[in-house]
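Note sheet for the following structure.
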Amino acid sequence: MDVLKVNGVEKQFAEGEAPGTVSDLLDHLGVNAAMVVAEVDGRIVQREEFGRTKLSTGQTIELVRLMGGG
Amino acid sequence: MERLVIAEKGFDSRLLVGTGKFASPEVMAESLEAAGAEIVTVALRRVDIENENDDTLAAIDRSRYLLLPNTSGARDAEEAIRLAKLAHAATGINWVKLEVTPDPYYLLPDPIETLKAAEVLVKDGFVVLPYINADPILSKRLEDVGTATVMPLASPIGSNQGLKTRASLEIIIEQATVPVVVDAGLGLPSHAAEAMEMGADAVLVNTAIATAADPVAMGEAFKLAVEAGRTAFLSGPAAAKRKASASSPLTGFLRD
């Protein structure tokens, strides 16, 4: 079993079936990458690096975006 | 009218508008336009991975508005710095409205953590616009570390109470060498006009516009009030007096 902690939620995947990169994770979740930024284990990942940033079991990922605010 | 200049960037509008609490992206976009805003604040939050459909900000024309990400939700300097860096990564913008509000009830800003975060962010090359209580000494300390503005509150965020901090705001305005943006608590156009008449360089409004029955019309009302208040300030207001002073001649009355 592979586990990724995404935005505070533990996502479980059958072994070897977890999304391999940040881009794959966004696709899996149905999240549009526009204006999204990711943090993997506390390190900021720029959008242009999403496809190159490999994920592995046990990692903590934060996906954040801009929204309305004052 | 002379332009508002923040960090060497000029703006015709002195009304900054927040993008929270609008009923729809369309109403928000129309309200920003009616308000004549050029700087609009935005927040940074986790993507809702169970229900991913937030597209609020797609309605903002980024060629027209400068997005000013805030650090709302930060409870200390460390969280604020993290949010500022994430916002920079998300937008490419290095401007940040620095907010550190550990108290969830009044959302009052923490002066010590705000100053700490400001110092780090300025050194990292950010243009920092700190949201603060109306504290003249803190304002000077923030200027000293290189913030682009100070943004003292009129009253608690979203409270619509108006200028509860007037006496301290007057001192801040008198002493400031960076633009003073009165932020938070302005509930009516008259509150915004009053702040501008006092000599504030700009005001920031969100709740009062977004939650009005007609946000578009209220956006315009705030725009007019800010312009009127600024013009009045530049016109040199007449002094207030305790006694009456006749406006009409005191001669030529129709009586013996």
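The values are calculated or read from the model by the stated rules, or taken from the named source; none is laboratory data. Nothing here was measured: the structure is a model prediction, and the numbers come from that model. Glycine also receives a Cβ, built like all others from the backbone with ideal geometry; neighbour counts cover every protein chain displayed.
Output the number of residues of region B:21-68 satisfying the condition of being basic (Lys, Arg) and out of contact with any Leu (no Cβ under 9 Å at 6 or more places or on another chain).
Going through region B:21-68 one residue at a time, the tally reaches 2.
Tell me the residue from B:Val42, B:Val100, B:Val47, B:Val17 that is modelled with pLDDT of 90 or more, within 30 Å of A:Lys11 (Cα to Cα) and surrounded by 22 or more Cβ atoms within 10 Å (Cβ to Cβ), please. If you could, list the steps in order and put the result at the bottom.
Numbers: B:Val100 fails: within 30 Å of A:Lys11 (Cα to Cα); B:Val47 fails: modelled with pLDDT of 90 or more; B:Val17 fails: within 30 Å of A:Lys11 (Cα to Cα).
Answer to the check: B:Val42.
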Flag for A:Gly70 being touching a helix residue (DSSP H, G or I) at 6+ places or on another chain (Cβ under 9 Å), exposed (fewer than 14 other Cβ atoms within 10 Å of the Cβ), small (Gly, Ala, Ser) and modelled with pLDDT of 90 or more: no
Subset of region B:80-92 (residues that are facing chain A (nearest Cβ under 10 Å) and at negative phi): B:Arg82, B:Leu83, B:Lys85, B:Leu86, B:Ala87, B:His88, B:Ala89, B:Ala90, B:Thr91
Search result, residues across region B:50-61 that are facing chain A (nearest Cβ under 8 Å) and buried (at least 18 other Cβ atoms within 10 Å of the Cβ): B:Asp54, B:Thr56, B:Leu57
Counted residues, region B:202-237 - those being without any contact (Cβ under 8 Å) to a residue 60 or more places away in the chain, under 11 Å from B:Ala35 (Cβ atoms) and part of a loop (DSSP other than H, G, I, E, B): 0
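Is there a residue in region B:62-79 that is among the small types (Gly, Ala, Ser), on the phi > 0 side of the Ramachandran plot and within 13 Å of another protein chain (Cβ to nearest Cβ)?
The initial filter retains those residues of region B:62-79 that are among the small types (Gly, Ala, Ser), namely B:63, B:72-74, B:77.
With on the phi > 0 side of the Ramachandran plot added as a condition, the list becomes B:73.
Retained after the next criterion (residues that are within 13 Å of another protein chain (Cβ to nearest Cβ)): B:73.
Yes, region B:62-79 contains a residue that is among the small types (Gly, Ala, Ser), on the phi > 0 side of the Ramachandran plot and within 13 Å of another protein chain (Cβ to nearest Cβ).
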